[in-house]
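Below: one structure, written as structure tokens.
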Amino acid sequence: MANRFTGLLIVAAMMLACAGSAYAETEFAKSAQSEALIKHHQLAASFNPAEHTISATDTITLKPGAKRTLRFALGKDVKVDSLKDDHGKDLAFKPAEDEDLPEHLALYEAEVPKTAVGLTIAYGGVIYDPPQEEATLAHVRGGTTSGVISEEGIYLDAGSGWYPVEDGALPTFSFTLSVPEPIALVTQGDLVSREAKDGTDVSVWRSRVPQDGFTLAGNKFVVKTRRAEGVTLSTYLFAEDAALADKFLDATEKYLRFYTGILGDFPYNRFDIVENFFQTGYGMPGYTLLGDAVVKMVRGGGYDVTEPSGVAHELMHNWWGNYVFFDADQGNWCEAITTYMANYYWLESHGQDEEARQWRKHASVKFSVNAPPDQAYPLREFRGKETEADGVVGYEKGAMFFHHLRRLIGDKAFFAGLRQVIAEHGAGFATWDDFRRAFEQQAGTDLGEMFTQWLDRSGVPDFRVDMETMQETPPSYIARLVQQEPYWNLLLDFRATDEKGATNAEGHVAMSLGEAWVTVGSEKADNDGKKAADGVFSLDPEWNTMRRVPAVALEPCLNAVLNEEGAVVVYPSGADEMSTELLKLVDVIESAGRGLTLLPDSQFTAEVAEGHSLFILGGSGVNRAWDQLGGLIPAGTLTTNEKSFSFQRRVFMSPEDSILATFVNPQRPGQFISVYHGNSPAALARSRYIFFYGWDSYLLFNAGRLTERGMFPPAANPWAGRIPAG
């Protein structure tokens, strides 16, 4: 995703951190109330990577009746050569000021004659700001760059000032772009033509759909193309990754065929997978721009961007966000529906029932960890992802809102409602209220209460089973369900199973106040007259209803530790090579600003651990804290020494083996102990990447590459309890 003027980049998690000034809207954040003057760009631009320069002429069509003062920005090292009206008359322009304007841009102002219907701006100059990588705990920001034209690669977004940018404008465009071969350029919208002329790659692009900014990428690509559903699919990959083309194209074609069957025609005539020379994960109209490290992970050993959460997510944005826009003043719904349709619904619709269940469960877990009550806010107020709390509000809670809605009105009305929004608001704006009206028309029911509850209320429901008050009324039992304030109007699934897991009873229970009661049967004896074993009563065992997950019900994971205010990170105080390698993580953790306590093991005492979760860097012989606390770990689970470790009764002796594991603190359920241990400094060489795996209970690595992962059970399950057999 691209910012208008700031050029901030984000990768791997495929989410954007958006800035807050008037010149820094997110890719999809547009205002339906804009008074901008520019209606259309007809731009011819030539690029010289060796000199880092652009030379361009932009013929601009103006909106009739719009304001007549044009303020536009270009790169500060880009010079305006001339500004003429549509009759060829020179127009005066002057520098302008705006306190929100980034330093790498220059702002100009011109008075446009009332009779003018167009302008021509000729300009040229240097744009060269090599990207610098920046790391945080949860993801890698693939650099801060204000734009770069170089032989290593070209990246220019709206914030680069590579074309005249008017704040708030939503123009269409027609571009003719030229660059010396073997470099080729890719931008958004529809590709009209591409040809080689005297050693120059010349491509023509256009968009009938208004855009709030134009992003351009260029490099030496190996291109592979196929057609599917009337759409041209292409990969633009570096030579060393060209063998991955078919995997990307196969995945894209699979997703395109499926989703056009649900939503209708794809809004653009092409969709490209474009490799970038630094780390990005952006979705633009007609293409996605992926960093080379992300592309290479497709070979194995990391995140596979061809999975639904990657390519399918960016493909989906071509309907939601890049064709149907959200009004920045009315709330961002596009990440919610995109996440639901791509990241989640693909799993459910393709028979991956357990994976779909785990996704729904993880949505509640992730929300509970990243958006505690003091940080949660209503879904309707979500604008973009700046913090982890923003992400789980706009993505996870938003996706689960659409899941609740679909279950309420049924598939037929739900998908018909989505198609209605596209038909009525494509190439324009839609709001949450527009979605509500479409779904109400398709379902024939009033959805006002449902929308109000899920969009305008902070947080998520907080309910559980109170098994302590289970009442015996032979041959049945009554389960009491409780809900914390504020009360939500819920329809919850329940299930009663026998000792073998067979279902004895299931159904739904309505809950709108602080408690509800469910009567379930319990067989007193089996056919042999023996006492039957206990059964289990489960409330919403399939996790179809989003909920607040208390710490005691969390499966242990590093993120539960790192998001706990005041959690203690204990690092080794030695000067040996192993300690030095582990200390690199301290700098990363400290820079994240999570409110964690950082403590050398020389100052660690048992009292320090009271009331807090712990992250211990290094095992036995490296970190004294682990020497003191390792005995709390269940027998046979994990033991360490300086050159090996044993996990689940398996011994790992390779110098390149390492482990990251998190356990429930048995003395304080609801708190956790994490440990990161390696058999040698070499085993920790890629330690920075452990934070990408913060939701797993344990992870095994060899030479920094993930080899095994898994989960440990939580300390308690507030949504299930035993049904006595009598």
TODO: Say whether the condition of being of a type outside the set (Ser, Thr, Tyr), modelled with pLDDT of 95 or more and under 25 Å from ARG383 (Cβ atoms) is met by at least one residue in region 343-355.
DONE: yes
- [ ] Having 1 or more residues that are at pLDDT 90 or above and buried (at least 21 other Cβ atoms within 10 Å of the Cβ) is the bar; report the strands (runs of 3 or more DSSP E) wholly within region 105-154 that clear it.
- [x] 105-111, 118-126, 147-149
- [ ] Name the strands (runs of 3 or more DSSP E) wholly inside region 182-255 in which the number of residues that are farther than 18 Å from THR280 by Cβ, in the same structural domain as ALA293 (by TED's automatic domain parsing) and touching a strand residue (DSSP E or B) at 6+ places or on another chain (Cβ under 8 Å) is 3 or more.
- [x] 190-197, 200-207, 222-228, 231-237
Open item on the list: Looking at ARG436, ARG380, can you tell me which residue is assigned to a helix (DSSP H, G or I), of a type in the set (Lys, Arg), in contact (Cβ under 8 Å) with a residue 60 or more places away in the chain and not assigned by TED's automatic domain parsing to the domain that holds ALA510?
Closed with: ARG380
Open item on the list: Considering only region 575-591, I want to know if a residue exists there that is polar (S, T, N, Q) and either over 36 Å from the mean Cα position of the chain (by Cα) or under 30 Å from ALA496 (Cβ atoms) (or both).
Closed with: no
Open item on the list: Going residue by residue through region 85-98, is there one that turns out to be exposed (fewer than 15 other Cβ atoms within 10 Å of the Cβ), of a type in the set (Gly, Ala, Ser) and touching a residue at least 60 places away in the same chain (Cβ under 8 Å)?
Closed with: no
Task: strands (runs of 3 or more DSSP E) fully within region 644-726 counting 1 or more residues that are modelled with pLDDT under 95 and of a type in the set (D, E, K, R) - done: 705-710, 720-723
- [ ] Report yes if GLU555 is modelled with pLDDT of 95 or more and among the charged types (D, E, K, R), otherwise no.
- [x] yes
Open item on the list: Restricting to region 38-75, and then to whatever is outside any strand (DSSP E or B) and more than 20 Å from PHE93 (Cβ to Cβ), can you tell me which residue is modelled with the lowest pLDDT?
Closed with: GLY65
- [ ] Run LYS79 past the list (1) more than 37 Å from the chain's Cα centre (by Cα); (2) assigned to a loop (DSSP other than H, G, I, E, B) and report the number of the one that doesn't hold.
- [x] (2)
Open item on the list: Out of the residues in region 155-179 meeting the condition of being aliphatic (A, V, I, L, M) and assigned to a strand (DSSP E or B), tell me which one is nearest to ALA44 (Cα to Cα).
Closed with: LEU177
Task: Test: residue in region 236-252 that is of a type outside the set (Asp, Glu) and in contact with a Lys or Arg (Cβ under 6 Å, 6 or more places away or on another chain) - done: yes
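The values are calculated or read from the model by the stated rules, or taken from the named source; none is laboratory data. Predicted, not measured: the structure shown is a model, and the values here were computed from it. Here the Cβ is made from the backbone with ideal geometry for all residues, glycine too, and neighbour counts use every protein chain on show.
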